[in-house]
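What follows is a set of notes on a single structure, which appears directly below.
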Amino acid sequence: MALPPTPNPILAVTLPIVLDKPPGTHAPTEALRLALLGVGAVHMAYLTSRRRVCVGVGAVGPSDVVSPMNLNPDVVGGESDAARMMGLSSMLRLGATKCLAVACRNPEETRSDAALGATMAVTLIDIFSGGHQWMRNINLAKTLIALRGGPSSILNTSLPKQARFGGGVTVSPARFWLEMLAVYETFGTN
């Protein structure tokens, strides 16, 4: 099964936004698309490194492991698949931040759920990959929130919608990103 049986909140919130605009036509949406792919690449790096550990200790045999992307746990060409996935994640993160920079030049685009979501998805890449720039992304998210009138204004204007994805849950993208921001800022600071 490609998706977990329970709703994935990030997919439930982001897929409708990402699929609403054609690729390359809206900078914040493109930033979100690239950042989500980057999150997926970090996740695949983790899974392939875990697979290598499992195969290495004999927990499972190589024939018992099914890789969705046909990745090889062995080192190929001097670089493991996990390392290649981390490199891909870094490349996607860079593309997302470039699209966010373009979006931040347009006041309308800075007020979109896609811009806030992209900023938080880049934060996820940084956190999942052990990066040290996640707090800069949190600060950018707070700036985007301030440009939209602050959290209370966002909560009053961002109505929940029935998502077509993630099991049909009712979500407000902006509220989801606000809550994620609050959790990461609260537990991630000294």
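The values are calculated or read from the model by the stated rules, or taken from the named source; none is laboratory data. This one's a predicted model, so the numbers in the text were calculated from it and none came from an experiment. Cβ placement follows ideal geometry from the backbone for every residue including glycine, while neighbour counts extend to all protein chains displayed. When the accessible area is computed, the model is the full protein with side chains, heavy atoms only, and any ligands, DNA or RNA have been set aside. Shrake-Rupley method; radii C 1.70, N 1.55, O 1.52, S 1.80 Å.
Just a few scattered comments:
- Net charge over other residues, Cβ less than 15 angstrom from the Cβ of residue 94 (K, R count +1; D, E count -1): +2
- Placing a label point 7 Å from the Cα of residue 161 along the Cα-to-Cβ line, the residues of region 7-35 whose backbone N sits under 11 Å from it are 13-21.
- Charge tally in the Cβ shell below 13 Å around residue 24, where Lys, Arg are +1 and Asp, Glu are -1, residue 24 excluded: +2
- Short-range pairs are left out: with C-alpha atoms under 8 Å and at least six residues apart, the relative contact order of region 117-158 is 30 percent.
- A crude spin-label estimate for the pair residue 21 and residue 8, with each label 7 Å from Cα along the Cβ direction, gives 2.2 nm.
- List 46, 184, ordered by accessible area with a 1.4 Å probe, largest first: 46, 184
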